[in-house]
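In what follows, a structure is listed as structure tokens, so that the remarks can point back to it.
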Amino acid sequence: MKKLVLSQFYTLRCEMKILLLIFLVMLVPGVLAALFNSGYYFFVDEDIYGFGSNMTASTIFGMNSNVIGIMAAIYVLISVTLIAGGDMNDKTVNYEIMYGHSRRQVYWSRVIVSLIAGTFGGILIFLALPIAATLILGWGTSISFGVLLIRLFMLAMLFFRMTAELIFLTAVIRKAHFVYIVEVLVLLMEIAAEMMFEDGNDFLFPLNAIIHILSFNQFLLPHLDETTMAVFDAAMPVSTIIGVSAAYILVAAVCLYLGSAAFERADLD
């Protein structure tokens, strides 16, 4: 098992250029969109907000976290599918089994590497903007740092669920490009569900879940010195946080188990 994990990391190192490109393609547009959005509201539209607005990292996070979250989720989708299913077409899996490794070991080695490279990579993309903004502007008081940690935890649980679902699909379909097609269809179904049902699916589909987890009600408080401070209502019931996170963990566990069962029974010829 340890050798398989190390082998997967070695293969991952060989594909690092591709993953790094995907990482940057998701990171750079998200950061630029966030900075443009923040700059427009706080520096360009001076008739409403004024040039002297109190820009801090927490303000930028409150206004743009859902944009970065969606970019991070796209990275998770592409990277996990590439890691979990990229070598199924070239018989690498067959060779690993021929060398005496069990199918369960082959499967779970890919699960471990996918969780590390996919889920953690998505979290790094999400954290890039608030970390950089905090170093330059300071965190500020628009949103408490504890709220960031709570929403980060929920996002990590969502990425964990997404990773498990993608691994399950890859184990069943065993062709990475078909998994991408299925995920696009799922996104289209999500959009259709959003149009048909106004409530009840906030945390069900990944896109809606990201928007719901990372969206805040915004209030602008003008000061006597003609500056403006943004404050965000970030309250979320504890029961929602615990319930949604537990549901994501349960769904992920079921998907990983079903994926293992499907992989062990699959015809790999």
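Computed from the coordinates by the stated procedures, all read-outs in this text should not be read as laboratory data. Only a predicted model underlies this, so the values are computations on that prediction, with no experimental measurement involved. Neighbour counts are summed over all protein chains in view; Cβ atoms, including those assigned to glycine, are modelled from backbone coordinates with ideal geometry.
Are there trypsin sites (Lys or Arg not before Pro) in the range 150-189 that DSSP puts in a loop and that have at most 16 other Cβ atoms within 10 Å, and which ones?
Passing both the DSSP loop test and the Cβ count: K175.
Order these peptides, 240-250, 139-149, 94-104, by their mean beta-carbon neighbour count within 10 angstrom, highest first.
Working: 240-250: 14.7, 139-149: 16.9, 94-104: 12.9.
Result, highest mean Cβ count within 10 Å first: 139-149, 240-250, 94-104.
Express in nm, to one decimal, how much length is gained between V172 and T92 on full extension, taking 0.36 nm for each residue of separation and deducting their alpha carbon distance.
Working: separation 80, 0.36 × 80 = 28.80 nm, distance 1.68 nm.
This chain segment gains 27.1 nm when fully extended.
Label sites at A246 and L137, each approximated as a point 7 angstrom past Cα along Cα to Cβ, lie 3.8 nm apart.
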